[in-house]
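> My questions all concern the structure below.
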Amino acid sequence: MKSFMHFIPTKLFVGELSQYSNEFTSFGNRALIVTSNSSLKNDSLNDLTSVLKEKNIEYIVFSEVEENPSLETVEKAFELAKGKVDFVVGLGGGSPMDASKAISILLNNPTINSRDLFEVNSLKPLPIIAIPTTSGTGSEVTQFSVITDNVRKTKITLPTPLFPDIAFLNAKYTQSMPELTTLSTAVDALSHLIEGYLSTGATFISDILAEGGLIKFGECVESLKRREFSYDVRESLLLISCIGGMVISQAKTSIPHTLGYSLTYFKNIPHGYSNGIVLCEYLKFHEDIQKVNKALNLMGFQNIDELKTFLDDVTILEVKLTDEELKSFTKIAFENKAKLKNHPYEVKEEDILKIYKESISN
Ligand code: FE
């Protein structure tokens with residue numbers, strides 16, 4: 001067996017926040033809650049502030065996180081809370097959780113230039129608590145914070161590892177997710193399981209997690225196709241997302257995420273769908289056919305075409321690219337060497353162009 005390290009330092013709780021209220025007191029008595037407007041549509045913000053009040057923890061709420069949060073948003077939250085908080089709570093989907101991680105670095109290092117977030121890999125953050133209200137990113141158990149850089153016109157994974165100290169899972173917060181978000185985030189979680197399973201960084205343990213996640217995902221396929229999201233299905237999707245996060249925290253994402261970033265940045269396609277659009281062509285390109293087939297079979301699919309039929313069914317949006325766009329997206333993806341090296345075989349620029357072309361034309 002190849003040698004590997006397995007490191008997920010996040011304390012994970014599943015259930016009601018009030019059951020675990022003592023956990024909040026270990027980091028101080030002043031919190032910044034980083035969230036978006038969608039947290040107002042479920043009970044999460046209410047539950048969180050009730051627990052903080054019960055524990056006499058003062059809090060500031062920053063609720064302006066947009067999808068694919070920008071460095072400008074991170075700076076804005078930092079200005080609001082600078083010198084006033086002891087820890088940060090990321091509440092919402094991947095965007096608020098990722099933003100909360102970046103903000104926590106600035107709050108703990110108030111004199112740095114904010115662009116250092118993209119360059120320096122050893123900045124210490126304030127303690128981070130993550131509470132997901134969508135089920136795709138798995139950010140609650142990963143070290144990743146993906147922030148949009150409007151200078152470079154792409155999404156960048158910050159180089160500093162930013163595992164939350166604590167994560168709380170409760171499926172009731174995901175119940176108000178609209179259909180499109182439920183489907184797109186489920187495809188993101190699926191993409192994490194598959195990319196991690198097939199990446200250079202896959203380990204014995206990450207494979208066992210990925211295989212378990214893929215089996216569980218297979219159990220949700222019919223419900224996703226029928227758009228029937230019972231509480232049990234919501235709970236399964238939330239756990240699948242968390243497992244997907246654990247997988248990529250060790251094994252990382254690779255080609256679909258690299259190619260998906262431009263579809264999100266330039267064409268406004270939700271992150272999960274962006275991965276889903278290129279996922280099947282990536283699987284056709286992957287040289288480890290045995291492992292590709294195992295991943296498909298664990299979900300109950302006989303071949304890539306069956307997965308494609310499922311993905312077409314749950315992907316509500318379409319994307320068209322001009323030749324110019326195909327060329328420039330290919331160039332951007334090919335320059336993302338850090339991500340492409342997670343693919344176990346050499347990736348040429350023409351391979352990327354082919355994956356884009358075939359994905360978009362089908
Ligand atoms: Fe993702």
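No lab work stands behind these numbers, since they all come straight from the coordinates. Please read these numbers as outputs of a predicted model, since none were measured by experiment. Cβ coordinates were reconstructed from backbone atoms using ideal geometry, including for glycine residues, and neighbour counts include every protein chain displayed.
> Whether any residue in segment 176-191 is touching a residue at least 40 places away in the same chain (Cβ under 8 Å) and under 24 Å from SER122 (Cα atoms) is what I want to check.
The answer is no; no qualifying residue exists.
> Something else: Based on this model, can you work out whether PRO110 counts as more than 13 Å from the chain's Cα centre (by Cα), part of a loop (DSSP other than H, G, I, E, B) and surrounded by fewer than 24 Cβ atoms within 10 Å (Cβ to Cβ)?
Yes; evaluated as a whole, the condition is true for this residue.
> Still on this structure: Mind listing whichever residues of segment 134-188 are among the charged types (D, E, K, R), within 29 Å of SER328 (Cα to Cα) and either assigned to a strand (DSSP E or B) or away from the ligand (no atom under 16 Å from the Cβ) (or both)? Can you show your working first?
Step one: filter segment 134-188 for residues among the charged types (D, E, K, R), giving 140, 149, 152-153, 155, 165, 172, 179, 188.
This time we only want the ones that are within 29 Å of SER328 (Cα to Cα), so: 149, 152-153, 155, 188.
Passing the criteria: ASP149, ARG152, LYS153, LYS155.
> Considering only segment 261-277, how many residues are in contact with a Lys or Arg (Cβ under 9 Å, 6 or more places away or on another chain), within 10 Å of the ligand (Cβ to nearest atom) and not hydroxyl-bearing (Ser, Thr, Tyr)?
Result for segment 261-277: 1.
> Sticking with this structure for a sec: Only one residue in VAL146, VAL151 is closer than 23 Å to ILE269 by Cα and either among the basic types (Lys, Arg) or over 13 Å from the mean Cα position of the chain (by Cα) (or both), so which one is that?
Working: VAL146 fails: either among the basic types (Lys, Arg) or over 13 Å from the mean Cα position of the chain (by Cα) (or both).
When all the criteria are applied, what remains is VAL151.
> So which residues in segment 290-329 are of a type in the set (D, E, K, R), surrounded by 16 or more Cβ atoms within 10 Å (Cβ to Cβ) and closer than 13 Å to VAL221 by Cα, if there are any at all?
Once the filter is applied, which keeps residues that are of a type in the set (D, E, K, R), surrounded by 16 or more Cβ atoms within 10 Å (Cβ to Cβ) and closer than 13 Å to VAL221 by Cα, segment 290-329 yields only LYS308.
> From the residues in segment 62-97 that are within 16 Å of the ligand (Cβ to nearest atom) and in contact (Cβ under 8 Å) with a residue 60 or more places away in the chain, which one is nearest to the chain's Cα centre (by Cα)?
GLY94
> Exactly one of (1) within 26 Å of ASN42 (Cα to Cα); (2) more than 16 Å from the ligand (Cβ to nearest atom); (3) not in a helix (DSSP H, G or I) is unmet by GLU287. Its number?
The failed condition is (1).
> Does GLU318 qualify as being without any contact (Cβ under 8 Å) to a residue 24 or more places away in the chain, more than 17 Å from the chain's Cα centre (by Cα) and part of a loop (DSSP other than H, G, I, E, B)?
Details: without any contact (Cβ under 8 Å) to a residue 24 or more places away in the chain: yes; more than 17 Å from the chain's Cα centre (by Cα): yes; part of a loop (DSSP other than H, G, I, E, B): yes.
Here the answer is yes, as GLU318 does meet what is asked.
> Of the numbered conditions (1) within 16 Å of the ligand (Cβ to nearest atom); (2) hydroxyl-bearing (Ser, Thr, Tyr); (3) assigned to a helix (DSSP H, G or I), THR253 fails exactly one; give the number of that condition.
(3)
> Only one of these is part of a helix (DSSP H, G or I) and free of Cβ contacts under 8 Å to residues at least 24 places away in the same chain: LEU224, LEU296, LEU311. Name it. Let's see the steps before the verdict.
On the way: LEU224 fails: free of Cβ contacts under 8 Å to residues at least 24 places away in the same chain; LEU311 fails: free of Cβ contacts under 8 Å to residues at least 24 places away in the same chain.
The unique qualifying residue is LEU296.
> Checking TYR345 against (1) over 28 Å from ALA171 (Cα atoms); (2) within 16 Å of the ligand (Cβ to nearest atom); (3) of a type in the set (Ser, Thr, Tyr), which single condition isn't satisfied?
Status for TYR345: all satisfied but (2).
> Identify the residue in segment 257-278 that is in contact with a Leu (Cβ under 7 Å, 6 or more places away or on another chain) and of a type in the set (Gly, Ala, Ser) and, among all such residues, is nearest to ILE156 (Cα to Cα).
Result: SER274.
> Moving on to the next point. So SER241 passes all but one of these: (1) of a type in the set (Gly, Ala, Ser); (2) within 13 Å of the ligand (Cβ to nearest atom); (3) surrounded by fewer than 24 Cβ atoms within 10 Å (Cβ to Cβ). Which condition number does it fail?
Only one criterion in (1) of a type in the set (Gly, Ala, Ser); (2) within 13 Å of the ligand (Cβ to nearest atom); (3) surrounded by fewer than 24 Cβ atoms within 10 Å (Cβ to Cβ) is unmet by SER241, namely (3).
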